[in-house]
Number of protein chains: 2
Amino acid sequence: MVFSLQPESAVPRYLRIVEGLRHEISVGLLAAGTRLPSSRQLARDLGVSRITVANAYAELEADGLIEARVGSGTFVLPPRRLEVSTATSSDGQEIPVWQERFRGRPVGARERMLGQALRSMGPKDTMSFAWGAGDMRLFPADQFRRILADVLHSERGLALGPESPQGFPGLRQSLARYLRQQGIDVDAADVLITAGTQQAINLVARTLLQPGDRVVVEAPTWPGALDVFEGMGVQVIGIPLDAEGMCIDALACVLEREQPRLIFAIPTFQNPTGSAMSVTRRQELVGLSHRHGVPILEDDNMRELRFGSPVPPPLAAFDRHGDVIYAASFTKSLIPALRLGYLIARGPVREVLVAQRRALDMFSSTLLQRALYRYLESGDIHAHWKHTRRVYRRRHAAMIGALQRHFPPGAAWRGVEGGFVSWVEVPASIPIMDLLEDAVREGVGFAPGAAFFPQPAEQPFMRLNFAALNEWQIEEGVAVLGGLLRRHLSH
Amino acid sequence: MVFSLQPESAVPRYLRIVEGLRHEISVGLLAAGTRLPSSRQLARDLGVSRITVANAYAELEADGLIEARVGSGTFVLPPRRLEVSTATSSDGQEIPVWQERFRGRPVGARERMLGQALRSMGPKDTMSFAWGAGDMRLFPADQFRRILADVLHSERGLALGPESPQGFPGLRQSLARYLRQQGIDVDAADVLITAGTQQAINLVARTLLQPGDRVVVEAPTWPGALDVFEGMGVQVIGIPLDAEGMCIDALACVLEREQPRLIFAIPTFQNPTGSAMSVTRRQELVGLSHRHGVPILEDDNMRELRFGSPVPPPLAAFDRHGDVIYAASFTKSLIPALRLGYLIARGPVREVLVAQRRALDMFSSTLLQRALYRYLESGDIHAHWKHTRRVYRRRHAAMIGALQRHFPPGAAWRGVEGGFVSWVEVPASIPIMDLLEDAVREGVGFAPGAAFFPQPAEQPFMRLNFAALNEWQIEEGVAVLGGLLRRHLSH
């Protein structure tokens, strides 16, 4: 080995060792079959730690350049030949070498749990509470048919062409007007159209976070957000919820000690608990965020699906400095297929978010943006929301009634003031995933609690969507779940 | 300082030093005002290199925990107080501290160059060649109006509800049928619906690449791909193009020496050169990819916009092992506002790509997927393509004629067989960005060559879109550019 480690470099040392060895192998200075020094020896020679060398060797081995043979050492492998560049998978299918690392890649625990629940969501299964959307029968299909026809008739090609990454100005103006009514001080320039809240979370995460950073979430929270953060190598810190929302003392403590880079919160009809954060708690949260210099991403999809009593203003309405980035969408409260949502960001971060959007997928459908704009301008959305709220309120009452009738003592829930879901705690002795398996067999699905926590482990909760089902379906489905719970408890 | 460095850990040492110091500062073991040991001293104490300690100190300083004072050492700062958590920006506007790093963030050179070109794209400017899309007047607006109405009438809420991340099965079946006609051996299960090619590039990059990896691209290539790779901290290696496409010897050499993780190629009517890779070169490229175990991402958006002669099959048609991931979309050849494209991936990587799509933005519009499905099944797309090709072929001829008439000696271009764009080389003495500024002032835009190269630097090229303009507009616009070129040359 001829290379030595340059002392000053921004590249981590183990990578420089990888590159040095790779070069010597590729140019033939280290011939196939050569025995490499032990990691202890090389560490001493290069003046680095053994773990550094071990990391380098592991990377070279993963790349197929060297091989560790137990008891005899680490050896340079011959160059890959044609025939080794496909491998045969367990089912006899040939795959390229570079795909080997994806073979049988274990599906994440969260994905597995939700997957099991979602299998109960086929159109034939009429009693699935696992659904994350509202009732398709309530979507204003006829109105959108007319609006789309109008847009295509009057704007023709313009409605089918490209749009700017920030979004159609008319739509952004409508949204700014609507948001000012919610107490948020914005104008159209602060609004960025997104493909929905999941994309908004990605945009904010990729703009504000680096691998190794920490992010604070409510525990439980929306699994899609956990997927984004964990997928980026960001450490997720869950803050428990009390009756008013995120426990503020726990949050203050974490902000003080852990220096997180972002707080992700769903203050209104939280997913999955359905609860709404109190006004005081909202003020405290925004104040803490500002004092600690940690921005908040507020997810506010459910605001308009309140059953009756007024909802506290969004966090963004308490924000006087630009600490709150606000995300909402029309997928939950209007039409999932629109794939339209929006971000409000004030200050220099907005322009960076727009650039991220361009790099991610350019822009949202011009046609759907213009159609939504016309729908908002017509004012009909208020009648739609009014009708939807009335239906969902009835279904919520049906859910609470059914839970009281059919669930065994030891189960606990709280009525909610809006949204789609009830969050039910079951006795800790119930094996939730077994229960889910039994339930799916009887045609009833629910979302298991563990999917909503940062560290998946069994959690004695189930999330039940009451918005997508009729009242008799709710009654029947809850009866099935109640029967299964009792059976499990009697074992 | 009381912490010591554990020898065995997967966390890089500088980060462990950061965490150790952060903890001691936050719990008060290191009080505000304490002078930290010099990096040399601490490096000796902990048995690490000085650069490791310097990195750790830099990170803590960036976080506002410590401060290096020139000539006197590094000191622990007091906890941040309320009043320091907003800063005042140059325009007098208060912004939160966490937004400071976004203030005046320099816009990338590529973005700046294209931005300047795109400012010439407003609807009033009728002679912009900077456009990346086709002619909106040719989009089948009436047909889509009827189809959308049909879908919403017959499928109602179903067309407005959620869809799976992989996409509407009917659409995936139509696409698989179409792709089999192109010689690609796929079925519907191999197809993943995307929000367009830009999203496809993101999905593949996030699945296959890590920061520090290398990726091979054609030089020049599509700037959107460069944005994705560079944004991820991936090193981009550009391979020059000859008349047949990517220079294969240069590619072989790079594959041998640089161990890239991905090859990104646009073999058919390449963006920005408009050229098409020969059949032989395609076979060589796929063979090299397989032998070296380096996957290819093929971008094939322009295939159907051929002017006459048949186009060689896609790279994916030569791929017998699953080495080629194939991406195409309907944004270029049909309707940008659909925001629909697709990926073909065979083997275990596909499932990982689907999971990435879910985490990125859940799914594409159900309504638009079902509308596109009906349009494809109607077969009308072939008549649309036939008409579009005829129009663009005429415009291409107009472009070549105008270049011959108006461009000065020393400018060079090649006729293309399909697509949207001509790639024109101008004498190296021409300051392209100045020329662009002058051109935009006269109402003519073009895309400057430098935007298409991995390392932005002035490049004596301009990309001229001929697809979106009438023949007389092409003539007039090229005359303006020719005049400006001559004026610059005469200086």
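The values are calculated or read from the model by the stated rules, or taken from the named source; none is laboratory data. This one's a predicted model, so the numbers in the text were calculated from it and none came from an experiment. We place every Cβ from the backbone using ideal geometry, glycine too, and count neighbours over all the protein chains shown. What goes into the accessible areas is simple: the full protein's heavy atoms, side chains included, and nothing from ligands, DNA or RNA. Shrake-Rupley method; radii C 1.70, N 1.55, O 1.52, S 1.80 Å.
Other residues with beta-carbon under 11 Å from the beta-carbon of B:G308 carry, at +1 per Lys or Arg and -1 per Asp or Glu, a net charge of +3. For chain A, the alpha carbon convex hull comes to 214 Å³ per residue, rounded to a whole number.
Amide H to amide H distances under 5 Å link A:T331 with A:L340, where only residues 5 or more positions off or on other chains count and H is placed in the peptide plane. List, shortest first and in nm to one decimal, how far the label point of B:E94 (7 Å from Cα along Cα→Cβ) is from its counterparts in the other copies. Nearest to farthest, the other copies are at 6.8 nm.
Taking the helices alone, the protein assembly as shown has a mean residue ellipticity at 222 nm of -13000 deg cm²/dmol, built from -39,500 (n - 2.57) per DSSP H run of at least 4 residues and averaged over all its residues.
Taking the highest mean first, how do the peptides B:462-468, B:388-394, B:290-296 order by number of other beta carbon atoms within 10 angstrom per residue?
The peptides rank, most packed first, as B:462-468, B:290-296, B:388-394.
The phi-based Karplus calculation (6.51 cos²θ - 1.76 cosθ + 1.60; θ = phi - 60°) puts the 3J(HN,Hα) values of the range B:132-146 at x, 10, x, 8, 4, 5, 8, 5, x, 5, 5, 4, 5, 4, 5 Hz, whole numbers, x for Gly and Pro. With its label point defined 7 Å out from Cα along the Cα-to-Cβ axis, A:T34 lies at 4.7 nm from the matching points of the other copies, in increasing order.
Only beta bridges with both residues in the protein assembly as shown are counted; by DSSP, about 60 percent of them are antiparallel. With a/c under 1.5 counting as rounded, go ahead and sort the range A:348-470 into rounded, prolate or oblate using the C-alpha gyration tensor (a ≥ b ≥ c being the square roots of the eigenvalues; past the cut-off, prolate if a/b is larger than b/c, else oblate). Oblate, since a/c reaches 1.5 and b/c is not below a/b. Of all DSSP bridge pairs formed entirely within the range A:153-280, close to 20 percent run antiparallel. Peptide A:368-378 shows a mean partner chain C-beta count of 1 within 10 Å per residue C-beta. When you restrict to C-alpha pairs under 8 Å that are six or more residues apart and normalise by the size of chain B, the relative contact order lands at 18 percent. May I ask for the net charge around A:R357, where only other residues with Cβ less than 15 Å from the Cβ of A:R357 are counted and Lys, Arg are +1 while Asp, Glu are -1? Neighbour charge sum, excluding A:R357 itself: -1. At a probe radius of 1.4 angstrom, the accessible area of the protein assembly as shown per residue rounds to 39 square angstrom. With the label put 7 angstrom out from Cα along the Cα-to-Cβ vector, A:R177 ends up 4.5 nm from the copy partners, going from closest to farthest.
Using Cβ point charges alone (K and R +1, D and E -1), the dipole size of the protein assembly as shown about the Cα centre works out to roughly 840 debye. The Cα atoms of the protein assembly as shown give a gyration tensor whose axes a ≥ b ≥ c have a/c under 1.5, which makes the shape rounded. The residues neighbouring A:A243, those whose beta-carbon lies less than 15 Å from its own, together hold a net charge of -4 under the Lys/Arg +1, Asp/Glu -1 convention. Measuring between their Cα centroids, the range A:245-315 and the range B:184-253 lie 40 Å from each other.
Leaving ligands and nucleic acids aside, the A/B contact buries around 7900 square angstrom of accessible area in total at a 1.4 Å probe radius. If you count Lys pairs in the protein assembly as shown whose Cα atoms are under 30 Å apart, skipping same-chain pairs closer than 8 places in sequence, the total is 6. Taken residue by residue and averaged, Cβ atoms of other chains lying within 10 Å of the Cβ of B:334-342 number 6.
When A:H382, A:H491, A:H396 are compared by accessible surface with a 1.4 Å probe, the order from highest to lowest is A:H491, A:H382, A:H396. Among B:314-321, A:437-444, the peptide with the highest mean count of other Cβ atoms within 10 Å heads the list, and the full ranking is B:314-321, A:437-444. As a fraction of the 1.4 Å probe accessible area of the range B:196-340, surface on carbon and sulfur atoms comes out at 49 percent. Scalar couplings 3J(HN,Hα) for the range B:379-391, obtained by applying the Karplus form with A = 6.51, B = -1.76, C = 1.60 to θ = phi - 60°, are x, 5, 4, 5, 5, 4, 4, 4, 5, 4, 4, 4, 5 Hz; x denotes Gly and Pro.
Tell me whether the range B:247-369 comes out rounded, prolate or oblate; compute the Cα gyration tensor, take square roots of the eigenvalues as a ≥ b ≥ c, and use a/c under 1.5 as the rounded threshold. Walk me through the numbers before you get to the answer.
Numbers: a/c = 2.23, a/b = 1.25, b/c = 1.79.
Oblate is the answer for the range B:247-369, as a/c is 1.5 or above yet b/c matches or exceeds a/b.
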